[in-house]
Amino acid sequence: MTPPVVQIAPDLLPIVSLGVLHLDEIANAGHESRLDVALAEAERAIRRQSPDERVAVRRMYSRVGIDPTRRRPSSEALLRRVLRGDPLPRVNALVDVCNWCSLELQLPYGLYDFHRIDGTIALRLGEPAETCAGIRKDVVHLAGRLVLADARGAFGNPTSDSARTLVTPATTTALAVIFAPRDLPSATLQGALQLTSERAADFTGAREVARFVV
């Protein structure tokens, strides 16, 4: 299976780095009971000692003109949810694994069904009046926001993803993307990809096809 081609718009290269993980042979249970204990312990650990909110991630948002308080990175939204006493959302095994990693590492993740992506992937800023169909809302407005786009248009960003590339229990091949500040140490981003790959293998049987940083 050929790994995807992922590019970053020149104006974003000094600001954003992407960690990309291509996974295949996924057995994506709607509810993986083996995650119950692991996620509950992760939530308890976060409440005992909250990780530092990633100032660098907020700065990354601000540098592209996004108010990180109004449009929170998904990682920060997960952290706030857990700190107020709510559990992590349970969607399906692979989504749950990525949310777990995002919570602990405080890096925003995107997760996409690979077979629903069409051609080269580009990280760019959303165009004026650009929208996509959201997972939990009818329309996501993307103007001026960080977006991943393919030949069919925008399908994801570090705050919310689109319905078109939604990962479901039927997903067998997926792309996990970590949106990281460019100044994040390479070893930290590589470690995040390694942790995600290991947990995906443990809880979904996923096989890593490719791993790279853009």
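The values are calculated or read from the model by the stated rules, or taken from the named source; none is laboratory data. What you see is a predicted model; the values in this text were computed from it and never measured. Neighbour counts are summed over all protein chains in view; Cβ atoms, including those assigned to glycine, are modelled from backbone coordinates with ideal geometry.
Annotations
- Test result for residue 96, within 22 Å of residue 207 (Cα to Cα), of a type in the set (D, E, K, R) and crowded, with 21+ Cβ neighbours inside 10 Å: yes
- Pairs meeting the criteria (first residue in the stretch 28-47 and touching a residue at least 12 places away in the same chain (Cβ under 8 Å), second residue buried (at least 17 other Cβ atoms within 10 Å of the Cβ) and assigned to a loop (DSSP other than H, G, I, E, B), beta carbons under 6 Å, at least 6 apart or on different chains) are 28/92; 28/171; 30/92; 39/88.
- Taking the listed residues 131, 204, 172, the one that is under 20 Å from residue 89 (Cβ atoms) and among the hydroxyl-bearing types (Ser, Thr, Tyr) is 204, with no other qualifying.
- Candidate set: the stretch 65-87, residues that are of a type in the set (Ser, Thr, Tyr) and under 16 Å from residue 161 (Cβ atoms); chosen: the one surrounded by the most Cβ atoms within 10 Å (Cβ to Cβ): 75
- Hey, residue 213 within 21 Å of residue 15 (Cβ to Cβ), under 15 Å from the mean Cα position of the chain (by Cα) and either among the hydroxyl-bearing types (Ser, Thr, Tyr) or crowded, with 17+ Cβ neighbours inside 10 Å (or both) or not: no
- Taken together, the criteria exclude residue 68 from residues that are out of contact with any Lys or Arg (no Cβ under 8 Å at 6 or more places or on another chain), outside any strand (DSSP E or B) and under 21 Å from residue 111 (Cα atoms).
- Scanning the stretch 114-123 for any residue that is assigned to a strand (DSSP E or B), among the aromatic types (Phe, Trp, Tyr) and in contact (Cβ under 8 Å) with a residue 24 or more places away in the chain turns up nothing.
- Some residue of the stretch 100-113 being over 13 Å from the mean Cα position of the chain (by Cα) and either in a loop (DSSP other than H, G, I, E, B) or without any contact (Cβ under 8 Å) to a residue 12 or more places away in the chain (or both): no
- Lone unmet requirement of (1) without any contact (Cβ under 8 Å) to a residue 40 or more places away in the chain; (2) surrounded by 15 or more Cβ atoms within 10 Å (Cβ to Cβ); (3) not hydrophobic (A, V, I, L, M, F, W, C) for residue 191: (2)
- Residue in the stretch 24-41 that is within 19 Å of residue 123 (Cβ to Cβ) and not in a loop (DSSP other than H, G, I, E, B) present: no
- Exclusive hit being within 15 Å of the chain's Cα centre (by Cα), without any contact (Cβ under 8 Å) to a residue 60 or more places away in the chain, part of a strand (DSSP E or B) and surrounded by 15 or more Cβ atoms within 10 Å (Cβ to Cβ), set 180, 149: 149
- Unique residue being under 19 Å from residue 206 (Cβ atoms), β-branched (Val, Ile, Thr) and surrounded by 21 or more Cβ atoms within 10 Å (Cβ to Cβ) when the list is 167, 91: 167
- Extreme residue, surrounded by the most Cβ atoms within 10 Å (Cβ to Cβ), among residues of the stretch 1-30 that are at pLDDT below 95 and more than 30 Å from residue 62 (Cβ to Cβ): 29
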